[in-house]
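Heads up, the thing below is written out as structure tokens.
The values are calculated or read from the model by the stated rules, or taken from the named source; none is laboratory data. What you see is a predicted model; the values in this text were computed from it and never measured. Don't worry about glycine lacking a Cβ; one is built from the backbone with ideal geometry, like all the others, and counts go over all protein chains shown.
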Amino acid sequence: MKKWSLRNIKLLTYDCCNNIMKQALCMLDRLHTYWSEILGQINWPQPIKDNLLLYLCKIYFDTNYIANIDDIIEYLELSISDILLIITKIITKNNNDDFNNNIIDSLDIDFVNNATNEQETLIVETLAVFDDIIQATTIHLWSDYSKKQKQIEASQKFKAKMEAEKITSATVATSRAINKALTNINTNNTLQDATQLRIANLEKQLTQQNQTSKEILHHLRNQNKKN
């Protein structure tokens, strides 16, 4: 189960990178075309001329040409070799790893150190704008999304806390009302008990009075008989 999960996570990571690079290559191609029209015809060594977009990507990902390239690589969650292989497959439309790795290896990174002014201008200007776009559509976008999610979570937690306090307050109020009602009931019961006691005492006194009256009446009757 764990191997299956890891495999699927890896496939999803590759698929995500593939989708991003497809869009990125479209932008890179337009930027290259834009600067080529400005600078005019530029001569490149044949391997680079045949795969200029890939060469620009190799400079972008596999050198220190861009200061914060590590952030992009970390975002994509793949090695540089895997990223370049994905890019090459998109460009060549060939899924053979050996074929594509040979093309990547044929592109000499060190050529950039001996580039002409026109070549260097095209590389610098193209990759600078390309990096801005990549940063904005990946790291910055994800950062903004993460911040918004944190704000939403914080808002939900605050709302839940307030609701809990409302329930607690309601519970306390309810408890007070119940206690007050019980107190009133106990008071009423006490009053009823006192009333019953008074009634019982009155009945007892009345009984005693009746008994006394009977005794007096009986005594008077006996006196009359004797007379």
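Scanning region 104-117 for residues that are surrounded by fewer than 18 Cβ atoms within 10 Å (Cβ to Cβ), at pLDDT 90 or above and touching a helix residue (DSSP H, G or I) at 6+ places or on another chain (Cβ under 7 Å) yields a single hit, S106.
Taking (1) surrounded by 14 or more Cβ atoms within 10 Å (Cβ to Cβ); (2) under 25 Å from E120 (Cα atoms) in turn, S81 satisfies each apart from (1). In region 58-109, the qualifying residues are those that are of a type in the set (G, A, S) and under 21 Å from T137 (Cα atoms), and the one that is farthest from the chain's Cα centre (by Cα) is A67. One residue stands out among those in region 118-166 that are part of a helix (DSSP H, G or I), hydroxyl-bearing (S, T, Y) and modelled with pLDDT of 65 or more: the one that is surrounded by the most Cβ atoms within 10 Å (Cβ to Cβ), which is T126. For region 50-64, does any single residue satisfy the condition of being among the hydroxyl-bearing types (S, T, Y) and farther than 19 Å from D105 by Cβ? No, there is no match, as no residue in region 50-64 is among the hydroxyl-bearing types (S, T, Y) and farther than 19 Å from D105 by Cβ.
Close contacts from region 9-20, counting a first residue that is closer than 12 Å to I90 by Cβ and a second that is part of a helix (DSSP H, G or I) and of a type in the set (D, E), with Cβ to Cβ under 6 Å and a gap of 6+ residues or different chains, come to none at all.
All of (1) closer than 19 Å to F130 by Cα; (2) among the polar types (S, T, N, Q); (3) part of a helix (DSSP H, G or I) hold for N64 with one exception: (3). Residues in region 1-21 that are surrounded by 10 or more Cβ atoms within 10 Å (Cβ to Cβ) and basic (K, R) were compared, and the one that is modelled with the lowest pLDDT is R7.
Would you check which residues across region 26-43 are surrounded by 14 or more Cβ atoms within 10 Å (Cβ to Cβ) and in a helix (DSSP H, G or I) and list them? Give the derivation first.
Step one: list which residues in region 26-43 are surrounded by 14 or more Cβ atoms within 10 Å (Cβ to Cβ), which gives 27-29, 31-32, 34-36, 39, 42.
Once the filter is applied, which keeps residues that are surrounded by 14 or more Cβ atoms within 10 Å (Cβ to Cβ) and in a helix (DSSP H, G or I), region 26-43 yields M27, L28, D29, L31, H32, Y34, W35, S36, L39.
The residue that is modelled with the highest pLDDT, among those in region 64-100 that are out of contact with any helix residue (DSSP H, G or I) (no Cβ under 6 Å at 6 or more places or on another chain) and more than 20 Å from K22 (Cβ to Cβ), is D98. Check Y14, Y55 and return the single one that is in a helix (DSSP H, G or I), within 22 Å of I123 (Cβ to Cβ) and of a type outside the set (G, A, S). Only one candidate qualifies: Y55. Of the residues making up region 76-111, just one is among the basic types (K, R) and at positive phi, namely K93. Contact map, region 96-115: first residue touching a residue at least 12 places away in the same chain (Cβ under 8 Å) and charged (D, E, K, R), second residue part of a helix (DSSP H, G or I) and surrounded by 11 or more Cβ atoms within 10 Å (Cβ to Cβ), Cβ cut-off under 7 Å, separation 6 or more or different chains; pairs are D97/L85.
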